[in-house]
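The values are calculated or read from the model by the stated rules, or taken from the named source; none is laboratory data. What you see is a predicted model, and the numbers here were worked out from it, not measured in a lab. Methodologically, a virtual Cβ is constructed for each residue, glycine included, from the backbone with ideal geometry; neighbour enumeration extends over all protein chains shown. The protein model used for the area step is the full one, side chains on, heavy atoms only, and it has no ligands, DNA or RNA in it. Shrake-Rupley method; radii C 1.70, N 1.55, O 1.52, S 1.80 Å.
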Amino acid sequence: MPDLFDLIGRWWKQMTAVVLLSLLAVGVITFLKPRQYLSVATAIPASTYSSDKGKIFNDNIQALYSALGSPDDLDMIISTGGLDTPYLAVAAQFNLYDHYKMDKNENDVLNKSATRLKENTKVIKSEYGALQIKVWDTDKNLAPQLANAILDKLQNIHQQLMSAGNESTLKGLQAGKEKLQATLDSGASLPAEQKTALQQRIQEYEKLIGEYQLMVDSKLPVLLTVEKAKAALWPDRPRRMQIMIATAVLSLLFSLLAALILERKKILRL
């Protein structure tokens, strides 16, 4: 195996050319790319039991449930972050096709702008078990607005899912009350004891209806915001300096390996 310093001494011109050409090619590509700013919104999941009527109206049950959600609750929210629904809503809200300079008359321009937003967004679980919504954008002031809007959309989606059961129960209670009231109104000949029992049941229904109506109207939060996204001071990507350093190191190693191979072939010919 040839001496390394002797090898570099014979091939330094070619190696330098490879490194410079690599830096030039990568530099042109990197510096032509628009710089993007990163904004991060952070939240933690609320307990799914917060939509349970018993947690609010039963003092004994309140102590059994934590106000914070479990890792499973967070995983469900993160999976929703992979759907197109929140990105379509945010793309329409901010007219992102204008921001991305897309033709409004183009087919599916909203879907394309939502896809672009989704590509520039990550919905992940942090190392501390919190939800993080990361958005990159060329406009440092728009990036935090987009991250916060996506957080709000995820909040709305899961609020609707959590209240769906209460809404269904509420409709059933209202229908049951109407039947009992109809029976009472049409039962003039009913015994007094039966009328009293019907009235008591109607009152119980009214109490439950009031409680479930409160649960539906309250729109309890599914996500508890820890930190709203804010504008970044410096662009996050592309990381030009790191890319150029990595290119220089890799091209140097490649040129050194190529010189070693060529030198060995030269020796074998002799």
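Remark: the LYS207-PHE94 segment gains 36.4 nm on full extension, using 0.36 nm per residue and subtracting the alpha carbon distance. Measuring r between the beta carbons of MET102 and LEU250 and using R0 = 51 Å, the FRET efficiency lands at 0.90. The distance separating the Cα centre of region 201-240 from that of region 157-200 comes to 29 Å. Is the shape of region 2-45 rounded, prolate or oblate, going by the alpha carbon gyration tensor and its root eigenvalues a ≥ b ≥ c, with a/c under 1.5 for rounded and a/b larger than b/c for prolate? Oblate is the answer for region 2-45, as a/c is 1.5 or above yet b/c matches or exceeds a/b. Put simply, the C-alpha atoms of region 107-185 give a gyration tensor, and the ellipsoid matching it has half-axes of 43, 17, 10 Å, longest first.
Translational diffusion of region 189-238 was estimated from the Stokes-Einstein equation, with Rh taken as the Kirkwood radius over Cα pairs; at 25 °C and 0.890 mPa s the coefficient is 152 µm²/s. Extension gain for TRP12 to ASP236 (0.36 nm times residue separation, less C-alpha to C-alpha distance): 77.1 nm.
Of all segments of the chain bounded by GluC sites (Glu not before Pro) found in a DSSP loop with no more than 12 other C-beta atoms within 10 Å, the longest spans 128-270. Quick check on the chain: helices-only [θ] at 222 nm, where DSSP H runs of length 4 and up contribute -39,500 (n - 2.57) each and the sum goes over total residues. Nearest 500, please. Helix-only estimate at 222 nm: -21500 deg cm²/dmol. Length gained on full extension, VAL216 to ILE124: 30.2 nm, using 0.36 nm per residue less the C-alpha separation. Going by accessible surface with a 1.4 Å probe and the largest first, TYR205, TYR128 read TYR128, TYR205. For the set ARG240, ARG269, solvent exposure ranked by accessible area (probe 1.4 Å, protein chains only) runs largest to smallest as ARG269, ARG240. Largest GNM mean-square fluctuation among ASN105, ASN141, ASN120, using the chain with Cα springs under 10 Å: ASN105. When the inverse distances between all different Cα atoms of the chain are averaged and flipped, the Kirkwood radius reads 24.5 angstrom. Sorting TRP11, TRP234, TRP136 by accessible area puts them as TRP234, TRP11, TRP136; the probe is 1.4 Å, largest comes first, and only protein heavy atoms count.
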